[in-house]
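Single-structure report; data block below.
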Amino acid sequence: MRALLVVNPQATSTTAAGRDVLTKALASELKLEVLQTRYRGHAAEATAAAVADGVALVVALGGDGTVNEVVNGLLAAQTGTGSGAPRPDPDGTAMLAVVPGGSANVFARALDMPRDPVEATGQVLTALAQRRRRLVGLGHADDRWFTFNAGMGWDAEVVAAVERARALGYEASPGRYAMTAFAQYVAQLRRPPSMTVELPGAAPLEGVRLAFVSNTDPWTYLSGRAVRTNPRSSFGSGLGLFALTGLGPRTIATTLRQMLAPDGDPHGRHVVRQDAVSQVRITSDRPLALQLDGDHLGERTDVEFLSVPGALRVVV
């Protein structure tokens, strides 16, 4: 089987020697090509070109950003017909395999992949030998695919600020995320956003201050602890909406405690939740930051998030 291994050399949980071991293990069973990413968007470009050239499997070795780019490259030629969500043909493109190499690895964990890259590589090879495949639903927004989460407002502003810090040479550590989140929270209190959320068959919900959209559970991880906004969401259930109509300190403290609990099930007067919807539209009275899978895409005032069931074949 022809395969492309997309390697992020900046991945935080692998070393150059470790990546060589994984590459040799995969090459022993596959006709393997290897790409080391050099710039943002490189993984998506190379994946799309490889799929067009007939590659049957793309293995992403890196964090969630690398996985997101590979997924968008895999489905680059899979366009929708008419209005509504794209309708990809999972048999019409290459399969995906994921070897976790980042810090959070949310998508890989949601697939129940081992956190150790060597063990994960072994599971991929076993799954290939046993022809194990899984159809996974994805989210789609702003002409991009996302695998596990998206958001407008506070969380996206945090992502944007951390990206700016990384460009200046600072490490994207949990501590930096926490400090940045607090600074952005203060900014949100001083100038709270006002969003309107629209769901199928429901009246528009106005006065929303924060909105997350999930494609699975957990929404993300904080220093190894699962952050749960929509515990009943999964790759096959549709999108989960989590929104807050207030950002007061008491609301935030209570909600954060619920989100970090082992059986996290956020609820309360200012909490709005739907765990399985086909689409979510969010509009804002001013441009707000948008993030997909932790990737800052700029500012938007109107975004439609769509659930696309069975979009991708994943080797697990």
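Laboratory data are not the source of any read-out in this text; all were calculated from the coordinates shown. Remember, it's a predicted structure, so these values are computed and weren't measured experimentally. Heads up, the Cβs are rebuilt from the backbone with ideal geometry, glycines too, and the neighbour counts pull from every protein chain shown.
Computed quantities for the displayed model
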| quantity | calculated |
| --- | --- |
| Shape category assigned to the range 75-172 from the gyration tensor of Cα positions, a/c cut at 1.5 | oblate |
| Sequence-distant residues sharing a close amide H with ASP275 (under 5 Å, placed H) | LEU241 |
| For the range 89-127 versus the range 1-20, the gap between their alpha-carbon centres in whole angstrom | 12 Å |
| In Hz, Karplus ³J(HN,Hα) per residue of the range 10-25 (6.51, -1.76, 1.60; θ = phi - 60°; x = Gly, Pro) | 8, 4, 7, 10, 10, 10, 4, 5, x, 5, 5, 4, 5, 4, 5, 5 |
| Using θ = phi - 60° and Karplus 6.51 cos²θ - 1.76 cosθ + 1.60, couplings along the range 135-146 (whole Hz; Gly, Pro as x) | 7, 10, x, 10, x, 9, 7, 6, 6, 10, 8, 9 |
| Cut-off under 5 Å, modelled amide H: who pairs with ASN149 long-range | ASN215, ASP293 |
| Selected from GLY207, VAL186, GLY151, residue furthest toward positive end of dipole (the range 147-212; charges at beta carbon) | VAL186 |
| Cα-based Rg / Dmax (Å) for the range 160-259 | 15.2, 47 |
| Max mean-square fluctuation residue, GNM over the chain, Cα-Cα springs under 10 Å, options THR23, THR66, THR47 | THR23 |
| Cα pair distances exceeding 19 angstrom across the range 216-279, given as percent | 29 percent |
| The range 254-302 versus the range 132-161: alpha-carbon centroid distance in Å | 11 Å |
| Cut-off 12 Å between beta-carbons: net charge of the residues surrounding GLY102, Lys and Arg +1, Asp and Glu -1 | 0 |
| Mean ellipticity per residue at 222 nm, deg cm²/dmol - from DSSP H runs of n ≥ 4 across the chain, formula -39500 (n - 2.57) | -9500 deg cm²/dmol |
| Hydrodynamic radius of the range 1-157 per Kirkwood, over alpha carbon pairs, in Å | 15.9 Å |
| Cβ-based net charge around VAL159, under 13 Å, with every Lys or Arg adding one and every Asp or Glu removing one | -4 |
| Ordering of 144-153, 94-103, 126-135, 275-284 by packing [mean C-beta count within 10 Å, highest first] | 144-153, 94-103, 275-284, 126-135 |
| Loop-exposed GluC sites (Glu not before Pro) per DSSP, neighbour cap 16 Cβ within 10 angstrom, longest uninterrupted part of the chain | 172-316 |
| Karplus (6.51, -1.76, 1.60) ³J(HN,Hα), θ = phi - 60°, over the range 183-193, in Hz, Gly and Pro reported as x | 4, 6, 4, 4, 5, 5, 5, 5, 9, x, x |
| Neighbour net charge for GLY246 - beta-carbon separation under 14 angstrom, K R +1, D E -1 | +2 |
| Nearest-0.05 FRET efficiency for ALA27 and GLU304, computed from C-beta distance (R0 51 Å) | 0.75 |
| Label zone at MET1, where the point sits 7 Å out along the Cα-to-Cβ direction: the range 288-316 residues whose backbone N lies under 18 Å | 311-316 |
| LEU256-VAL118 FRET efficiency (beta carbon distance; Förster radius 35 Å; 0.05 resolution) | 0.50 |
| Orientation-averaged projected area, Cα convex hull of the chain (nm²) | 15.6 nm² |
